[in-house]
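Peer 1: Okay, here's the structure, questions in a sec.
The values are calculated or read from the model by the stated rules, or taken from the named source; none is laboratory data. The structure presented is a predicted model; accordingly, all values stated were derived computationally and were not measured. Note that each Cβ is placed from the backbone with ideal geometry, even for glycine, and that neighbours are counted across all protein chains shown.
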Amino acid sequence: MRNIVMATVALVGLSGPAIGQQKPKADPEGTPLELTITGKNTRFTLDTGGRSPAEFQKHIENAVAEGGRPPAPPTVDLTIAIKNTSDQPIQVWVKGDPVVLEVELKGKGAINAAPLLAFTQEFRSPEAVTIEAGKTHTLPLKSLTSGFRGMSKFAYWTQAGEYELVATLKTGVAPAPKGAREGMDGFGIVTLTSAAFKVTVEEKK
């Protein structure tokens, strides 16, 4: 029987005003990869389940604080793109437990939460793809759920308005960039952060 690991309960909280223009960055600097959020549709409909924005916000906060199951985060149809900006092929981890993609929502009415969840304890080894020079590998983003195994962090918009999404990807790269922490099988551990991706949330008609 597999052991179960319980995630820590946390309410990351309400974000303040949108962060404005943020450029992509990599840690360590000089890592030849660029992370981007893309999508044709940048307009979404607010669905509070019939609650007022204030009631919906409180409902999410209470569910997280009390260890309950909060509502499902909004669905989206976006793409996370990892671009090789060098002139040589690069191997990048895109699956497995060492790979953690987190999506943070910013703006008035944004909530980023880490609810109490259970995960099986087996280690899922990383899987790599080769990204040729100047090429891009994409990952689908179908909801505002991210984090460990794609399901430990939930993001919500609780009212109509303008928001921004920022993605952060912790992964492994080979050849390892200078200054990267040593990972498995010669890969170096890097963290990529995207530029802010603007979305508009509208009242349900």
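Peer 1: Name the residue, out of Gln57, Gln91, that is under 17 Å from Pro32 (Cβ atoms) and not in a loop (DSSP other than H, G, I, E, B).
Peer 2: The unique qualifying residue is Gln91.
Peer 1: Within region 177-201, how many residues turn out to be closer than 30 Å to Trp157 by Cβ, aliphatic (A, V, I, L, M) and not in a strand (DSSP E or B)? Full working, then the answer.
Peer 2: Going through region 177-201, the residues closer than 30 Å to Trp157 by Cβ turn out to be 190-201.
When the remaining residues are screened for being aliphatic (A, V, I, L, M), the result is 190, 192, 195-196, 199, 201.
Subset that is not in a strand (DSSP E or B): 195-196.
Qualifying residue count for the region: 2.
Peer 1: Give Thr145, Thr171, Thr193, Thr138 a once-over and let me know the one that is surrounded by fewer than 16 Cβ atoms within 10 Å (Cβ to Cβ) and touching a residue at least 24 places away in the same chain (Cβ under 8 Å). First the steps, then the outcome.
Peer 2: Details: Thr145 fails: surrounded by fewer than 16 Cβ atoms within 10 Å (Cβ to Cβ); Thr171 fails: surrounded by fewer than 16 Cβ atoms within 10 Å (Cβ to Cβ); Thr193 fails: surrounded by fewer than 16 Cβ atoms within 10 Å (Cβ to Cβ).
Selected residue: Thr138, the only one of Thr145, Thr171, Thr193, Thr138 that is surrounded by fewer than 16 Cβ atoms within 10 Å (Cβ to Cβ) and touching a residue at least 24 places away in the same chain (Cβ under 8 Å).
Peer 1: Which pairs have Cβ atoms under 9 Å, sit 6 or more apart or on different chains, and link a residue in region 68-96 that is among the aromatic types (Phe, Trp, Tyr) to one that is in a loop (DSSP other than H, G, I, E, B)?
Peer 2: The qualifying pairs are Trp93/Val99; Trp93/Pro126; Trp93/Gly183; Trp93/Phe187.
Peer 1: Testing Phe154 on (1) modelled with pLDDT of 95 or more; (2) in a strand (DSSP E or B), one condition comes back false. Which one is that?
Peer 2: (1) is the only condition that Phe154 fails.
Peer 1: From the set of residues in region 1-40 that are part of a loop (DSSP other than H, G, I, E, B) and touching a strand residue (DSSP E or B) at 6+ places or on another chain (Cβ under 6 Å), which is modelled with the highest pLDDT? Break it down stepwise before answering.
Peer 2: Going through region 1-40, the residues part of a loop (DSSP other than H, G, I, E, B) turn out to be 1-3, 7-9, 15-24, 28-32, 39-40.
Narrowing further to those that are touching a strand residue (DSSP E or B) at 6+ places or on another chain (Cβ under 6 Å): 2, 15, 18-19, 24, 31, 39.
Details: Arg2: 39, Ser15: 43, Ala18: 43, Ile19: 48, Pro24: 90, Thr31: 97, Gly39: 94.
So, considering only residues that are part of a loop (DSSP other than H, G, I, E, B) and touching a strand residue (DSSP E or B) at 6+ places or on another chain (Cβ under 6 Å), the one modelled with the highest pLDDT is Thr31.
Peer 1: While we're looking at this one, here's another question. Regarding Ile80, is this residue in contact with a helix residue (DSSP H, G or I) (Cβ under 7 Å, 6 or more places away or on another chain), assigned to a strand (DSSP E or B) and either under 30 Å from Lys178 (Cα atoms) or among the β-branched types (Val, Ile, Thr) (or both)?
Peer 2: Details: in contact with a helix residue (DSSP H, G or I) (Cβ under 7 Å, 6 or more places away or on another chain): no; assigned to a strand (DSSP E or B): yes; either under 30 Å from Lys178 (Cα atoms) or among the β-branched types (Val, Ile, Thr) (or both): yes.
In short, no.
Peer 1: Then there is this: Which condition number in (1) of a type in the set (S, T, N, Q); (2) surrounded by fewer than 17 Cβ atoms within 10 Å (Cβ to Cβ); (3) in contact with a strand residue (DSSP E or B) (Cβ under 9 Å, 6 or more places away or on another chain) is the one that Gln88 fails?
Peer 2: Every condition holds for Gln88 apart from (3).
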